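Since the structure comes first, as structure tokens, the remarks are kept for the end.
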Amino acid sequence: MLSVLSLLWSALCLQAPDTLAAAVLSAPRDLPALKPSEEIQLKAGSASGAVNLSDAVKRFTGVQIKDYGGAGGLKTINVRSLGSEHVGVFLDGIQIDNAQNMQVDLGRLSLEGLSSVSLYNAQKSVRLQSAKEYASGQALHLTSSVPGSDCLRFKLKGGSFGTINPSIVWDKRLASRIGLRAGAEYLGSTGDYKYPYFDTTLVRENGDIKSLRLETRVCGTLDKGSWNIHLYGYGSERGFPGPVIRRASGFPFSAERQEDRDIFAQLSWIQDWTEWYSTAIRGKYSNNYTHYATHPEKNPMALPYDLHYLQQSAYVSAVQSFAVAQKWSFDLATDLQWNGLESDAWQNASPRRLCFTGALAARYRADFFRMDAHLAYINARDAGTEPARSAWMPSLSVAWEPFEWMELDAFAKRSYRLPSFNDLYYSLMGNSELRPESAFQSGADLYVHSSSGVWHWEGRISPYYNRVSEKIVAIPTVSQFRWTMLNIGLADIAGLDIKGGVTAEEGDLSASLVLRYSYQRALDHSVPGSLTYGNQLPYIPLHSASSDIQLGWRAWTLCWNTLYNGERWSRSANTADYYIAPWSVSDAQLSRCFELNAGLRKFSISASLRVANVFSYRYEIVQGYPMPGRSVLAEVSLQF
């Protein structure tokens, strides 16, 4: 409340008169910030063969995407073995939140309208972050592109498994300082791909999806400031094909269905009042509805469930930034969030949670040295429960640039993850005995780069160590909707990320090669002498790697991507029953751009053909959920 009152006082006392001059959001005292661990620019991401958000991030070092297969399968991100609950997914600085299960489905998010996708393991060292950003163990930042000049873009994708994916985006300049972007996207797929079933081959059933996404953004600039309003609507109806196990003949594998409706409205206002004082106000309201049904009339083996869930969330954030001296700056961030969940599930609670998050951050910048430190605090109280859960989360990161071609970074931080509503209260998956999860993270980073003539190369080596106390692990049971929640207790995670790349450009020719490798030893150290002590945590490969090759000639682009995951286990008991074999898949894409002039109007046309899993390798990311074999996706887009 004090932060909000102080911001209102600033607005009355420090507002500069509006002018017609071009607005610039200045940061006069902010020196270069920490580079993200991985980043994809939208244009580069599209060119490299990424057709959706999960495709864009699955090749990042230290990242695993848990994918249940098909266009409608759940897709969540895990970074450096901490679990998806420790990864904050932020859209323009505001977190995409899910208090019900803390699983953000990347399959519901689109690359359309984004300018970049960035992953941070250490703290993002920029001004005016929300307290929730400081409190996140890792952060995946999605940055929207600013609407440009008036234009209309149509895009149509279609291919294997009955996939049809049209979209439209309209950019309109409403005034000299105000821009509008409106878009819509439809996705339909039957998901009927073939897969091996013991001694035969079957077709995946009940894996279809129909979804519609609508978005509108209005953004503008002020005198040394900017504002943004974002409206989002998403609706889908999909089937859950279920795991592939031996069942009685004559019964379908699954008849489970789920309907979703997600709506949110978010806004932000960032302002430089003086050379030394800046503020940011952000707010969001979201409304998420889910209907899950097992339809036992179609599958007599299914338990009879017909459940409805309604989750609501309200969030407000106020941040103040002070540039005390040329090299020092301080931020004070306060966030307040309310979450509520209603359900008609038998004997289930209707939980309410009020969560306060605060952070005090300090930054020091010198010519060749950077230091960032913050202390975050979280206090969450669930209505009708025992005393609130709270924790302090310190963080320190330093960076040194001894040479123009070399940078050294190191960080240490603590993060804290609250049990979700499902973890605690819901009878299908909840465990009221769950304890909160705390993580200590540390890491270092050596980055080198050089350019010579047409060549540019770079390399990065990043060792790290994480320790998670009372680690909460979500294990799927007989469907994607029902999970078993367990406290593993203590997990030690040691790893190494390596990335190297080289690019060359000469005239009409260009070429690039990026290689990535990750080593992760994530061990269960809960109970010495137990059967699981010293075993690898579920779904964490010891070795993983990826490669991206891109060749360009004039308007043609050819991409080849390969992804490798080593052996894993689906349980902490690393036995043959839970063993998942290593796998490697390759994707290829050929694209071509055209520029046409028709009188005073200029048209841009692009076309591409993508072949996923070129060698039709049969594999599973989640045990019991076979992934598709070879598939083809064609795309045509028109902009004018």
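Give the range 403-457 a look and list any residue that's touching a Gly at 6+ places or on another chain (Cβ under 7 Å), at pLDDT below 95 and among the aliphatic types (A, V, I, L, M), or say none.
Within the range 403-457, Leu424, Ala439 qualify.
Give the residue that is farthest from the chain's Cα centre (by Cα), with candidates limited to residues of the range 200-220 that are surrounded by fewer than 19 Cβ atoms within 10 Å (Cβ to Cβ) and of a type in the set (Ser, Thr, Tyr).
Step by step, filter the range 200-220, then rank; the result is Thr200.
Any residue at all in the range 175-194 that's modelled with pLDDT under 95, in a strand (DSSP E or B) and charged (D, E, K, R)?
Within the range 175-194, one or more residues are modelled with pLDDT under 95, in a strand (DSSP E or B) and charged (D, E, K, R).
Gly72 - would you say it is in contact with a strand residue (DSSP E or B) (Cβ under 9 Å, 6 or more places away or on another chain) and closer than 24 Å to Gly183 by Cα?
Yes.
Report whether or not Tyr292 is of a type in the set (Ser, Thr, Tyr), part of a strand (DSSP E or B), surrounded by 15 or more Cβ atoms within 10 Å (Cβ to Cβ) and modelled with pLDDT under 95.
So Tyr292 fits the description; yes.
Which members of the range 527-563 meet the condition of being closer than 30 Å to Arg435 by Cα and surrounded by fewer than 17 Cβ atoms within 10 Å (Cβ to Cβ)?
Residues satisfying the conditions are Val527, Pro528, Gly529, Ser530, Leu531, Tyr533, Gly534, Leu542.
Among the listed residues Ser176, Ser268, Ser189, Ser278, identify the single one that is surrounded by fewer than 18 Cβ atoms within 10 Å (Cβ to Cβ) and either of a type in the set (A, V, I, L, M) or touching a residue at least 60 places away in the same chain (Cβ under 8 Å) (or both).
Within the list Ser176, Ser268, Ser189, Ser278, the selection yields Ser176.
Within the range 491-543, work out how many residues are under 26 Å from Gly443 (Cα atoms), touching a Gly at 6+ places or on another chain (Cβ under 6 Å) and part of a strand (DSSP E or B).
The qualifying residues number 9.
One line per residue, one yes/no per condition, for (1) in contact with a Gly (Cβ under 8 Å, 6 or more places away or on another chain); (2) under 22 Å from Ser226 (Cβ atoms):
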position	(1), (2)
Ile270	yes, yes
Tyr277	no, yes
Tyr285	no, yes
Leu307	no, no
Phe322	no, yes
Trp328	no, no
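Can you say whether Gln123 is part of a loop (DSSP other than H, G, I, E, B), closer than 30 Å to Arg257 by Cα and not β-branched (Val, Ile, Thr), as far as the supplied structure shows?
no
Taking Tyr377 as the residue in question, decide whether it is of a type in the set (Ser, Thr, Tyr), more than 24 Å from Tyr285 (Cα to Cα) and part of a strand (DSSP E or B).
no
Do we find that Phe60 is closer than 25 Å to Ile178 by Cβ, at pLDDT 85 or above and buried (at least 21 other Cβ atoms within 10 Å of the Cβ) in this structure?
no
Going by the structure shown, is Val585 buried (at least 18 other Cβ atoms within 10 Å of the Cβ), farther than 30 Å from Leu486 by Cα and either of a type outside the set (Asp, Glu) or touching a residue at least 24 places away in the same chain (Cβ under 8 Å) (or both)?
yes
Here is a list: Asp372, Asp382, Asp306, Asp344. Which entry is closer than 27 Å to Ala131 by Cβ and at pLDDT below 90?
Matching residue, one of Asp372, Asp382, Asp306, Asp344: Asp382.
Of (1) farther than 18 Å from Ala182 by Cβ; (2) surrounded by fewer than 22 Cβ atoms within 10 Å (Cβ to Cβ); (3) in contact with a Cys (Cβ under 9 Å, 6 or more places away or on another chain), Ala99 satisfies all except one. Which?
(2)
Only one of Ser572, Ser608, Ser616 is in a loop (DSSP other than H, G, I, E, B) and either touching a helix residue (DSSP H, G or I) at 6+ places or on another chain (Cβ under 8 Å) or surrounded by 19 or more Cβ atoms within 10 Å (Cβ to Cβ) (or both); which?
From the options Ser572, Ser608, Ser616, the qualifying one is Ser572.
The values are calculated or read from the model by the stated rules, or taken from the named source; none is laboratory data. Bear in mind that the values here come from a model prediction, so they are computed numbers and not experimental data. Heads up, the Cβs are rebuilt from the backbone with ideal geometry, glycines too, and the neighbour counts pull from every protein chain shown.
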